[in-house]
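The values are calculated or read from the model by the stated rules, or taken from the named source; none is laboratory data. From a predicted model like this one, the values you see are computed outputs, not experimental measurements. Cβ: placed from backbone, ideal geometry, glycine included. Neighbour counts: every protein chain shown.
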Amino acid sequence: MEAFPIIQTNFWDAIIAIPIVVIATQVIKLLFHVPGIFVPTIANLIGLIISIFFAHRGNLSAGIFMFFFYGNAAVGVYSSIKTSLITYIKKKKSKN
């Protein structure tokens, strides 16, 4: 076992895994009426599953390390888009 795992961010990480985590989290939130405070935890659990069983299969240390990035990046992407849309709508309403 290596002292530090060699982890490469690739197309899968940025373009496929993060949107899957965002979409799966939102579907779970809508289907099960999950309170907002638990959404980051759900995103991290989905990120853990994707990271260990799909993206970094066969390298447990890399899978555990990368799940933090999947879950937290998904939460950040969602939060950024939501904040941007709310700001845009407020600015558009104030101009009218």
Of all residues in the range 1-59, count the ones that are outside any helix (DSSP H, G or I), out of contact with any Pro (no Cβ under 7 Å at 6 or more places or on another chain) and at pLDDT below 90. 13
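Residues checked against (1) within 17 Å of Ala73 (Cβ to Cβ); (2) of a type outside the set (Ser, Thr, Tyr); (3) surrounded by 19 or more Cβ atoms within 10 Å (Cβ to Cβ):
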residue	(1), (2), (3)
Val21	yes, yes, yes
Thr25	yes, no, yes
Val34	no, yes, no
Thr41	yes, no, no
Gly47	yes, yes, yes
Ile50	yes, yes, yes
Phe54	yes, yes, no
